[in-house]
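Shown next, in structure tokens, is the structure this report addresses.
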Protein chains: 4
Amino acid sequence: MVKITTKKIMDIEPLKDAILIEGLPGIGHVGLITAEHIIHEFKGEKFMELYCDDFPPQVLVNPDGTVSSMNIEFYAVKEPMPMIVVVGNTQALSPAGQYQLSQKIVEIGVEYGATMTYTIGGFGTGTLNEELPKVFVASTSKELSDKIKELGAEYRQDGGGIIGAAGLMLTFSKLNGLDAVCLMGETPGYLVDPKSARQVLELLSKIIGFEIDVKELEERAKEMEKFLEKIKKFEEESTHQQPRPPSADDLRYIG
Amino acid sequence: MVKITTKKIMDIEPLKDAILIEGLPGIGHVGLITAEHIIHEFKGEKFMELYCDDFPPQVLVNPDGTVSSMNIEFYAVKEPMPMIVVVGNTQALSPAGQYQLSQKIVEIGVEYGATMTYTIGGFGTGTLNEELPKVFVASTSKELSDKIKELGAEYRQDGGGIIGAAGLMLTFSKLNGLDAVCLMGETPGYLVDPKSARQVLELLSKIIGFEIDVKELEERAKEMEKFLEKIKKFEEESTHQQPRPPSADDLRYIG
Amino acid sequence: MVKITTKKIMDIEPLKDAILIEGLPGIGHVGLITAEHIIHEFKGEKFMELYCDDFPPQVLVNPDGTVSSMNIEFYAVKEPMPMIVVVGNTQALSPAGQYQLSQKIVEIGVEYGATMTYTIGGFGTGTLNEELPKVFVASTSKELSDKIKELGAEYRQDGGGIIGAAGLMLTFSKLNGLDAVCLMGETPGYLVDPKSARQVLELLSKIIGFEIDVKELEERAKEMEKFLEKIKKFEEESTHQQPRPPSADDLRYIG
Amino acid sequence: MVKITTKKIMDIEPLKDAILIEGLPGIGHVGLITAEHIIHEFKGEKFMELYCDDFPPQVLVNPDGTVSSMNIEFYAVKEPMPMIVVVGNTQALSPAGQYQLSQKIVEIGVEYGATMTYTIGGFGTGTLNEELPKVFVASTSKELSDKIKELGAEYRQDGGGIIGAAGLMLTFSKLNGLDAVCLMGETPGYLVDPKSARQVLELLSKIIGFEIDVKELEERAKEMEKFLEKIKKFEEESTHQQPRPPSADDLRYIG
């Protein structure tokens, strides 16, 4: 059994018919960027932190001399509609940790009024793509998926799975009587990907029915485009040389 | 300690002197095919699902936009004789998970009336074989094994073990006072193998004393034969080239 | 937490001032051979079996169609002096399992009257050695080790440790107020080594003060010598070829 | 859940406003050397031992025939100021073990009067450096870190983390309402490094406000310098040969 500790940051009343949105770190950080953007635009307030002994056994060191503990954070959004948004700087490491953490997140969501779950992830293709990233949907209900498909999502035909919280929260939502949808933004996978997050967010706003300013995401996406142009050009110029892969610093600049 | 959750799907009365049959995924999926065929032919009804935090931390994505959680399912068969048949889409990942899951399956079996256990697995040879697959037997009782040997099974002489639920359910059956038999169908191991399953099923029907239609298994086995012919021919034609190994799609078609 | 289950095989009264002797599988199986020889010569009676979900998740298949579960067995010896001898076909797999199993074995030993612990292991050198294997000693008490050194044992100077039950039972004996000694027979490590076991047993009989017939061990040791001669000769004859390493079957013959 | 056992060695009264200092084994053993030096110079008394089933499953063999169990030890220092100093011969192996052990250490610290935590580690650079090692600081409070920066520490700009007890005790100190500071001495990382420990200790004495004799550390540091000179010279003399890397014995001599 994994040890999970919650720390209440703020007393809040349970929301009414809230949507639980998960965006923990993952492929292309598509979920994290999307969820953080929602918190930022809709002025979400942090009401709970969650610690777990199955997180990486470390603290992160910030450049200003402070440290950040590994944890997961719950934010409450009231307008335009009740939402509980879950972000963090890590996922659990082991299978048991991933199961128990996903269960705990759903249970906290239900405790604070969630009646429906959306998890957000990236679907890694391994290659750069000039076109707009597709968004894939998979859910606990055929009807639900069909509706979302009509709004522009596609179904995955690769026979694979959804690993981590984005997948397991579907299992635990169902076991708790909640419908649950996973939206997966197509992404190369090796870059933090605001462009993919933007597409997911656009679809999500259509599904749920809210308006959200995505300007900031679009700017970040443009920066990424420029960065990728630069890499491409560099690679073309050095066809006879071993191309230099983008360094961690380049990525951080973009991320 | 691993966390195991059961979900009752249907209220049923315990069966009387039932046979517990296990066919979880494994080498050649011999056990799974056999058990699923029994459920199908004898109209087994699902009465319980089992979830475990030691399963792969994911959900599977279906091509129709729905998801399948990793779980194990219990089916009750009433005719031609009482059976509890256990199938699923996974086994536990860790040693502790495999032990505790096997124990739990046996305990549920006993709770619902099982007085004898049959586990079914594949015995991987690593090579294709033109002949009919052998079926090996190993059990908790010398007398029992000797009887099954007379019906056509063989004893393994390789000095190895039976890994996973097919093996550990023998340990826990014995600790619960039940006799238990493992039947292992010879199989190359890298193909889903209905031909081997057919042989196991034929032996099982002789041991237990029931009749079962194996036409469908035979058809699947014939498709596999054709597929293997195709591969063989292909390999012969390309002796100077690197032969193309069967792709996942080929296998899915056959499986 | 690891799950450990005990199964009483026979009701026995606690022994008086018994010696707890551990010989689980390990390097050269020195401990196992020694302990099994003691059980055999002194007609030890099995009184308890121990199962653990941190053992390899399998059963072993015997050539007669039966299976052996992975477990650890406790034997009681009454003459020439009270002993509790612990053997088995496995050790625990994980650190937690090794700690908890060692603790459990010591606790059962104490429950049945043990007031002193001897653990037996191999000290792997990685090379064949014509001379008689040395026996190393390490214990929870300097005085105890010094006495045993006078009887012919040596101290290890390699700065290493004693891994597994043979080491951890020293920690848990001490925490339970018992003195504990580990005897390590020098051994190449890649062969089951009755010659090393013989040397350990000879020293142990001097320390504790009993007489034991080691004829059978000596015969097994001679067989091993012959086998090694054969290998050596083979290697000399094939200096320009890649020498054939001893096969599993050769080893089984000797072991 | 990891199993942690404490063994009281001595009854002591809780200290008043004590400083909890952690120096478990790690990169360059900077923390361990520093903490052991404090215990030695300030005549710390051991009052508690801690055992854990997530430590390496072994005992260490000493050259005098005795063994050392893997454990962590708590020392109480009364003068020049109340301190609880934590040393040991190991850290926990798994993430869960590292979290739970760090939590337990902080809880014991609080129980015995700690109101502030200092953890000490090495910051591995991978290269030898002629200059005095820098000391980096990271803490739970910006103000605290800024003060320590003024005393000569630097902030890390590498974007990395602090792994193990030195990091996680910051998380658990904060969750228990204590401020906590980690000091990291720059070190090549592959040598036991008294020179780096000396620099950390000098800074620590300025921060906390005590005087401590570092002569012994300086002597050990000088020995290391000489040893490194020897290696350097050796490498220069053998530019066309494969240089002999320092052996374990060389390192033990220095360590």
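The values are calculated or read from the model by the stated rules, or taken from the named source; none is laboratory data. Please read these numbers as outputs of a predicted model, since none were measured by experiment. Ideal geometry is used to build each Cβ from the backbone, glycine not excepted, and the neighbour counts take in all protein chains shown.
Structural remarks
- For C:VAL192, the conditions (1) modelled with pLDDT of 95 or more; (2) under 14 Å from the mean Cα position of the chain (by Cα); (3) at negative phi are fulfilled apart from (1).
- D:ILE105 being touching a residue at least 24 places away in the same chain (Cβ under 8 Å), part of a strand (DSSP E or B) and either buried (at least 20 other Cβ atoms within 10 Å of the Cβ) or not β-branched (Val, Ile, Thr) (or both): no
- Scope region C:109-130; condition of a type outside the set (Ser, Thr, Tyr), assigned to a loop (DSSP other than H, G, I, E, B) and over 30 Å from C:GLU229 (Cβ atoms); matching residues: C:GLY113
- Qualifying position, being over 15 Å from the mean Cα position of the chain (by Cα) and over 20 Å from D:GLU49 (Cβ atoms), among D:GLY121, D:GLY109, D:GLY97, D:GLY126: D:GLY126
- The residues of region B:237-255 that are within 14 Å of another protein chain (Cβ to nearest Cβ) and either part of a loop (DSSP other than H, G, I, E, B) or at pLDDT 60 or above (or both), listed by number, are B:SER247, B:GLY255.
- Residue count, region B:160-177 (criterion: of a type in the set (Val, Ile, Thr) and part of a helix (DSSP H, G or I)): 1
- Conditions (1) closer than 30 Å to C:ALA96 by Cβ; (2) in contact with a strand residue (DSSP E or B) (Cβ under 6 Å, 6 or more places away or on another chain): number failed by A:VAL85: (1)
- Restricting region D:1-25 to residues that are within 17 Å of the chain's Cα centre (by Cα) and under 27 Å from C:LEU93 (Cβ atoms), the residue that is surrounded by the most Cβ atoms within 10 Å (Cβ to Cβ): D:LEU24
- Matching residues, region C:130-145, being surrounded by 16 or more Cβ atoms within 10 Å (Cβ to Cβ), out of contact with any helix residue (DSSP H, G or I) (no Cβ under 7 Å at 6 or more places or on another chain) and more than 7 Å from every other protein chain (Cβ to nearest Cβ): C:LYS134, C:PHE136, C:LEU144
- Any hit, region D:40-63, residues being of a type in the set (Val, Ile, Thr) and touching a residue at least 12 places away in the same chain (Cβ under 8 Å): no
- When B:PRO57 is tested against the conditions (1) crowded, with 24+ Cβ neighbours inside 10 Å; (2) within 19 Å of B:CYS182 (Cα to Cα); (3) of a type outside the set (Asp, Glu); (4) touching a Phe, Trp or Tyr at 6+ places or on another chain (Cβ under 9 Å), the lone failure is (2).
- Residue match in region A:43-56 (condition: away from chain D (no Cβ under 14 Å), closer than 30 Å to A:THR125 by Cα and among the charged types (D, E, K, R)): no
- For A:ILE33, the conditions (1) within 27 Å of A:ASP193 (Cα to Cα); (2) β-branched (Val, Ile, Thr); (3) within 14 Å of another protein chain (Cβ to nearest Cβ) are fulfilled apart from (3).
- Residue match in region D:219-236 (condition: without any contact (Cβ under 8 Å) to a residue 24 or more places away in the chain, surrounded by fewer than 22 Cβ atoms within 10 Å (Cβ to Cβ) and outside any helix (DSSP H, G or I)): no
- Residue list for region C:60-83, restricted to those being within 13 Å of chain B (Cβ to nearest Cβ) and either surrounded by 23 or more Cβ atoms within 10 Å (Cβ to Cβ) or within 22 Å of the chain's Cα centre (by Cα) (or both): C:LEU60, C:VAL61, C:GLY65, C:VAL67, C:SER68, C:SER69, C:MET70, C:ASN71
- The single condition among (1) in a helix (DSSP H, G or I); (2) over 14 Å from the mean Cα position of the chain (by Cα); (3) closer than 18 Å to C:LEU32 by Cα that C:PRO133 does not meet is (1).
- Screening D:SER94, D:SER102 for residues that are among the small types (Gly, Ala, Ser) and either out of contact with any strand residue (DSSP E or B) (no Cβ under 9 Å at 6 or more places or on another chain) or within 14 Å of chain C (Cβ to nearest Cβ) (or both) leaves exactly one candidate, D:SER94.
- Residues in region D:148-159 that are at the interface with chain A (Cβ under 7 Å from one of its Cβ atoms) and assigned to a strand (DSSP E or B): there are none.
- Note on region B:165-187: residues that are within 27 Å of C:ILE9 (Cα to Cα) and surrounded by 24 or more Cβ atoms within 10 Å (Cβ to Cβ) total 12.
- Members of region C:204-214 found to be within 14 Å of another protein chain (Cβ to nearest Cβ) and touching a Gly at 6+ places or on another chain (Cβ under 8 Å), listed by number: none
- Per this entry, A:GLY97 is not counted among residues that are over 20 Å from A:HIS40 (Cα atoms), in contact with a Leu (Cβ under 6 Å, 6 or more places away or on another chain) and surrounded by fewer than 24 Cβ atoms within 10 Å (Cβ to Cβ).
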